[in-house]
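Here's the structure we're looking at; comments come further down.
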Amino acid sequence: MKLTRGQALELHWQMWADMQKELGDNPSFGKRWEFKAKWCAEHFPGEEIVSNCFLCEYVNQNEYDCDSCPIKWDNDPVIDCCESGSVNYVNSPISKVLALPEREV
């Protein structure tokens, strides 16, 4: 699967919005990880998506590093990708993850 930046962003937002609808705004990390794996397998059977994350897949496909993530995480410059900072994918409310702005190109 080859993703454009725009596709990676749209799929990121779609998956996280679906997660929020199904699991609420603050599921555990384990539930998030399970949901992402299931969502990717259902929507893209047979595809391997880096960390079940379309942003990571996009960055990896283009041989960029985490500083090139299409989302501007609040720990910019990015250290430990999207796992640290006051808003992170591990334990922040999903509403805060969805509210993070797109990184300017």
Open item on the list: Straight-line reach only, C-alpha to C-alpha below 18 angstrom: list the lysines that Lys96 could link to, leaving out same-chain residues fewer than 8 apart.
Closed with: Lys21, Lys31, Lys36, Lys72
Open item on the list: Compute, for the chain, the length of the dipole vector about the Cα centre, with Cβ point charges of +1 (Lys, Arg) and -1 (Asp, Glu) only. Units Debye, rounded to 20.
Closed with: 280 debye
Task: Rule-of-thumb Rg ratio for region 5-99 [Cα; 2.2 N^0.38 Å; N residues] - done: 1.01
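No lab work stands behind these numbers, since they all come straight from the coordinates. Computed from a predicted structure; not experimentally measured. With ideal geometry, Cβ positions are generated from the backbone for all residues, glycine too; neighbour counts draw on all protein chains shown.
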